[in-house]
1. What would the Debye formula give as log10 I(q)/I(0) at q = 0.15 Å⁻¹ for the alpha-carbon point model of region C:132-219, no solvent?
2. Take every Cα-Cα pair in region B:210-253 and report what % of them are more than 12 Å apart.
3. Could you pull the copy-to-copy label distances for residue A:36, with points set 7 Å along Cα to Cβ, in nm to one decimal and sorted shortest first?
4. Rounded to the nearest 500 deg cm²/dmol, what is the calculated helix-only ellipticity per residue at 222 nm for chain C, with -39500 (n - 2.57) per DSSP H run of length n ≥ 4?
5. Give me the compactness ratio for region A:8-119, meaning the Cα radius of gyration over 2.2 N^0.38 Å.
6. Please state the shape class of region A:44-98: rounded when a/c is under 1.5, otherwise prolate if a/b exceeds b/c and oblate if not, all from the C-alpha gyration tensor.
7. Could you give the angle, 0 to 90 degrees to the nearest 10, between helix A:322-350's Cα long axis and the longest principal axis of the Cα atoms of chain A?
8. Between copies, how far apart are the residue A:241 label points? List them in nm, one decimal, shortest first, with each point 7 Å from Cα toward Cβ, please?
């Protein structure tokens, strides 16, 4: 399984972790996670090196150690073996401990070289701390599809007209061209639909009835976090691009966690600059998001099934594919860079 | 997957098609089928060449075009791309359109080279148009077995004594030898059981109680259509082979559609020269056929499971295998001929 | 699939066999088994050599012959073909007949070279015939795990402290070292826990409340039968090893039948030197065994799932692994010996 490993991924909402040993599968790795006595989340490879029993089937002991449920081999939260029942000497063995960091009520996990893990690199958004904005966590959507299929859908403004006709898109945007650009580790694809009827979402939450200017900015933070900045403003204002905060504006966030080659978890949430602290609006928006994201799920799972079948033709590429094309090519580059670095280490070790 | 492709297969009963987009899988190909505005059935490869979404998940548009449900790429019923939202030029892409023809309330599809498709080659039987005969459609039986297993069962008179002891066979025929012959694309295997008690089917529908002459003629039209001509007449008449129309005679038809390597659909129906237009008899015969064909299904699915396991011995061949042996050898020849033709084209193209 | 074939395996409890044709899968072989007219159990390879239908889907005929359910090919209980309907000559074909022997209300089957099968080699235990002992059959536990995983658990005294803390083990034994030895085809691993609180099982069935001496002797009869001799005696007696019969003593027997690479049946029973003929105690012990053996099942099935995943590290070995280590190395030797013998025969045949 090829995944970008030197990155912070979302392991879960903070609320998903407690003193119970739970198994999470991320990038194909099985990981046991739990909160330590200091409330910090611990993450160990979920397989005892003795007889391979998942440690999550064992017991959490004093001092946050895990005792294997088969023969009692015990590991501290840093992964070091600290007890082997029936013998005095401690065997030279350990399990991998993954760097973990909690931020914005989200638990982040570093899947690559532990030495490279820097919490300052974790995804951030100033609006989390801005009192003019309201942040609301949604659901964890499980998709039976490779994360690249899911991610490219999140840097693709063109699909909304066809997949989400009752919520996020409508026919007015069908033929509006897409722009795309890259800024460091962020790809952005966007388009404005000027002076057109509002989509269902903004009829409901913007209170618009007449024509609006509508924007969709899809920011894809490599490898797999999306911020979709979308909103509307009265068409009479002729809002310039950099004045979007004057309109009704929503950031839909998608934190994609690749589970394995054919499964992805999309933890989604939103921030908005209207209806601050109004829980009813939060619930109501979630309901509309659920409709839209289940429409995506149906498409993305159907695509996955086709990809597993024999391929006879190269896929045709369209003008609207700018965002997905840039995205996939950047992921390839990251994978090659990690591969080269691994080979470099291997040579240094044996050379 | 190796299948004979240059042939008309049954896609479905005419009643299975309407204005809804439906996916059918035939010879491993996924195909979207629907009735056009002129009521004729259309069949396109069910995969958008852009991002591989099945077209059956899209929308049927005016003029019988299909719009993909992901980004709106649109194809006419001949498979040509006619619209790509977000760009003016139409990409040079298409999906395969399968020749389709409706005949005898059955929809036929040509799975090979479209240029070779000739509706005159579709299976025909004069009795469909004969007022002395009654035609009645039965069910679509799904079997988890390779179509060759199912087809050989339909050119095999010997199994009825053991598999269908209460309906189509009985002990009287256990040791009666089987004859087999070939006439063009039709293989026939047959036997007569003279002066013996009637089987359950003809006790019920022929009204026989005393001894009868009974015949089973299994006509296998390559690659996968069977006509089983079976019937009985009072043994006192000593009916010659060519006077079968004077007895109570039934044609059981089986249209086999290979789905993939381990699945087959058997759409079965019958024609009979008694009880014309008597719907009660039709239903009553269907009930008896269902008993018999489910007996076959149990056998053929069990065999499939064994075939998927390691094979340690060459199967033993028996005298009763004449029909199946000829059938499998003819299928091999057809496959080799198609393979050679394909290589010929490839050489002509590159040479 | 590599299994030790020249051995008597348990096919089932005697009560599992009657005049019905039943399929059993043992070492990956499908076998049809049934009681003959003389009440002796017959076992044939469950696949007709004609069209591969399982013979278990056919019919049991007079004289214990089986008639195939497809075309009536018939085999006697020694596996010889005795009838082929539709032809006078009997084809030269047969199905393998497995040697079978019934002993101690258990049906044993020989999976290797028939010429080597000697009923005197079947597992025996003098206590079966000793009126001072009571024998009671338990259940057939199906485990989704390779039999080597299950068997090594039965030559491993160390796991009971961690897997069975409420029944067969407790914390007092966690750090007591394990001894192991080999005597012919029997591996034994054992330990004594002296002067410690009794485990749940002997609190209940020994009536102990004060400290006891407790022993666990795990005898593994190659390839896959375990006798676990465990018991307790008042610590004040300071019971020597060879006076165990003076304590409360139980033999838990496990007859492992490898089904295939990932499935095993454990038919378990016990003998005891207390509460002779007391059916309530039998039921009550079974209830406690079920708790314990389901704890093993959970562990052993979880391990199997891990073993099917990619392996990145060599497993660490511990001091407590003496029994399992000896066991696996002896199994390897048996497999190599059988392989060499097979090659020897092959050379003798072709040389």
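Only the coordinates and a few stated rules stand behind these numbers; no lab work does. Since the structure is predicted, the reported quantities are computational estimates derived from the model, not experimental observations. Virtual Cβ from ideal backbone geometry, glycine too; neighbours counted across all protein chains shown.
1. -0.70
2. Every Cα pair in region B:210-253 considered, those over 12 Å come to 59 percent.
3. Here residue A:36 shows inter-copy label distances of 7.0, 7.0 nm.
4. -7000 deg cm²/dmol
5. Ratio of Rg to 2.2 N^0.38 Å for region A:8-119: 1.03.
6. The shape class here is rounded.
7. Once rounded, one gets 20 degrees.
8. Label-point distances to the other copies, shortest first: 8.5, 8.5 nm.
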